[in-house]
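Report on the following structure.
The values are calculated or read from the model by the stated rules, or taken from the named source; none is laboratory data. Everything numeric here is computed off the predicted structure, so don't read it as measured data. For neighbour counting, all protein chains shown are included, and Cβ atoms are generated from backbone atoms with ideal geometry for every residue, glycine included. Quick note on the areas: whole protein, heavy atoms, side chains included, nothing else; ligands and nucleic acids left out. Shrake-Rupley method; radii C 1.70, N 1.55, O 1.52, S 1.80 Å.
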Amino acid sequence: MLDHRLSSEYEELRRTVEEFANDVVAPKIGDYYERNEFPYDIVREMGRMGLFGLPFPEEYGGMGGDYFALCLALEELARVDSSVAITLEAAVSLGSMPIYRFGTEEQKREWLPKLTSGEMLGAFGLTEPEGGTDAGGTRTTARYDEATDEWVINGSKCFITNSGTDITGLVTVTALTEPLTRSSDDSSNHSPTREISSIIVPTGTPGFQVSKKYSKVGWNASDTRELSFTDCRVPAANLLGTRGRGYAQFLRILDEGRIAIAALATGLAQGCVDQSLTYAATRHAFGRPIGANQVIQFKLADMELRAHTSRLTWRDAASRLLHSEPFKKEAAIAKLYASEAAVDSAREATQIHGGYGFMNEYPVARFWRDCKILEIGEGTSEVQRMLIARELGMASS
């Protein structure tokens with residue numbers, strides 16, 4: 001018999017983050033959101049709590065936990081606000097995790113203590129303006145200058161979370177480290193091969209420019225920007241992992257990140273249930289609470305069904321990751337189901353709230369604005385279906 005109950009340690013963490021989200025985040029985040037302002041004070045408190053170090057060993061300043069613990073924290077934060085949750089998710093799974101997974105011991109000791117404490121945020125530079133989902137079509141280049149033992153980077157990245165805050169310390173970027181070549185002679189029909197590597201670029205490096213913040217539909221209290229690199233030079237030692245393995249490394253990071261996004265989406269879906277239950281009990285129409293109407297009850301039942309199922313999918317994928325079992329398909333399933341569940345539940349929560357659901361003072365309005373990106377970021381829903389089909393052994397046309 002499977003036991004899906006949390007251990008006492010996990011449950012203590014969940015309750016701690018739940019209390020923090022309700023007592024600290026909830027009263028403040030609406031104002032930050034409306035001002036399109038990054039919540040530095042909330043992030044500092046998250047750092048003091050150790051949330052940025054949850055899945056990392058104590059030797060690097062971490063809490064000695066695991067990826068499951070991170071996902072528990074993300075779900076509880078997203079029940080209240082997704083801007084705060086995505087700041088944590090991107091900082092850990094995209095900013096710190098590549099260095100932990102693939103960095104040298106020197107790189108880990110240089111960067112991880114600051115990242116795991118929340119003193120510094122890291123970012124993940126993969127997506128490009130003309131690439132989007134086709135991350136393998138990287139155009140950013142990094143030329144090795146033998147005379148100076150440096151990488152010279154040129155190109156641009158877009159939609160990069162945590163890349164322009166006052167506490168951002170680095171961005172790890174993917175770049176072509178060799179020109180495009182063919183796998184055989186030029187007369188063949190074989191596809192070109194590309195050597196893509198990952199390189200750590202510290203904030204403030206000459207030639208590294210961060211644009212102004214995007215004007216976004218949602219996640220307005222998080223930081224998202226476009227980056228450009230013009231003859232940006234970093235030491236050769238900033239190469240992350242093996243040269244030519246950058247794309248493969250980030251595919252692994254994205255597989256893990258999809259579990260985290262699924263947990264975040266689950267939190268948003270559960271937050272829709274929480275807010276709608278309260279509203280349905282207190283909002284009266286035609287002389288009785290609207291929650292007495294079966295149509296509202298059925299909406300709430302479906303919303304709870306989606307949140308519950310989403311939770312099971314991400315926990316299954318995370319458990320497989322922790323046990324070093326294959327998890328690519330399960331991560332794609334979790335990300336696909338949970339993100340679509342979040343969109344469906346946010347729509348229904350807004351409908352239950354009626355006109356008030358269109359007012360920004362109500363959290364569900366924020367949920368509605370935040371949910372759609374969950375079907376796009378870290379792999380669109382179409383990509384998840386493609387991955388699932390591929391894992392089932394179906395060849396693409």
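Below is a table of values for the structure above.
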quantity: Kirkwood hydrodynamic radius of the chain, Cα pairs, Å; calculated: 21.8
quantity: FRET efficiency, ALA248 to GLU119 (Cβ-Cβ, R0 35 Å, nearest 0.05); calculated: 0.70
quantity: Amide H contacts of GLY241 (H built 1.01 Å from N, under 5 Å, at least 5 apart or other chain); calculated: THR104
quantity: Protein accessible area in segment 183-301, 1.4 Å probe - carbon and sulfur %; calculated: 54
quantity: With every protein chain in place, segment 306-374: carbon and sulfur % of accessible area (1.4 Å); calculated: 55
quantity: Karplus 3J(HN,Hα) series, Hz, for segment 373-387 with 6.51 cos²θ - 1.76 cosθ + 1.60 (x for Gly, Pro); calculated: 4, 5, 8, 10, x, 6, x, 5, 4, 5, 5, 4, 5, 4, 5
quantity: Segment 355-397: GluC sites (Glu not before Pro) falling in loop per DSSP and having at most 14 other Cβ within 10 Å; calculated: GLU361
quantity: Estimated FRET transfer efficiency when R0 is 30 angstrom, pair PHE298-LYS372 (beta carbons, to 0.05); calculated: 0.80
quantity: Percentage of interatomic Cα-Cα distances in segment 220-305 larger than 22 Å; calculated: 60
quantity: Stretch gain in nm, segment THR148-GLU382, where the contour uses 0.36 nm per residue and the Cα spacing is subtracted; calculated: 79.9 nm
quantity: Amide hydrogen neighbours beyond the local backbone of GLY125, cut-off 5 Å, H modeled; calculated: THR172, VAL173, THR174
quantity: Rounded, prolate or oblate (a/c below 1.5 giving rounded, otherwise prolate when a/b exceeds b/c) for segment 39-131 by Cα gyration tensor; calculated: oblate
quantity: In order through segment 103-109: 3J(HN,Hα) via Karplus (6.51 cos²θ - 1.76 cosθ + 1.60), integer Hz, x for Gly, Pro; calculated: x, 6, 4, 5, 5, 4, 6
quantity: For segment 31-139, accessible area per residue (1.4 Å probe, heavy atoms of protein chains only), Å²; calculated: 35
quantity: Relative packing of peptides 56-62, 273-279, 283-289 - highest average C-beta neighbours within 10 Å first; calculated: 273-279, 56-62, 283-289
quantity: Nitroxide proxy distance, nm - points 7 Å out along Cα→Cβ at ASP344 and TYR214; calculated: 2.6
quantity: In Hz, Karplus ³J(HN,Hα) per residue of segment 241-251 (6.51, -1.76, 1.60; θ = phi - 60°; x = Gly, Pro); calculated: x, 7, 4, x, 10, x, 5, 4, 4, 6, 4
quantity: Ranked packing of 72-82, 20-30, 339-349, most packed first, by mean Cβ within 10 Å; calculated: 72-82, 339-349, 20-30
quantity: Mean accessible surface per residue for segment 245-397, computed with a 1.4 Å probe while every protein chain stays in place, in Å²; calculated: 47
quantity: Cα Rg, Dmax (largest Cα-Cα span) when computed across segment 278-397, Å; calculated: 17.8, 59
quantity: Estimated FRET transfer efficiency when R0 is 41 angstrom, pair THR16-ALA236 (beta carbons, to 0.05); calculated: 0.45
quantity: Cα→Cβ-extended label distance, 7 Å offset, between ASP31 and TYR356, nm; calculated: 2.2
quantity: Computed [θ] at 222 nm, deg cm²/dmol, the chain (DSSP H ≥ 4; -39,500 (n - 2.57); rounded to nearest 500); calculated: -15000 deg cm²/dmol
quantity: Distance between modelled label sites at MET394 and PHE286, nm, 7 Å Cα→Cβ extension; calculated: 4.4
quantity: Length released on extending from ARG139 to ARG5, taking residue separation times 0.36 nm less the Cα-Cα span; calculated: 43.6 nm
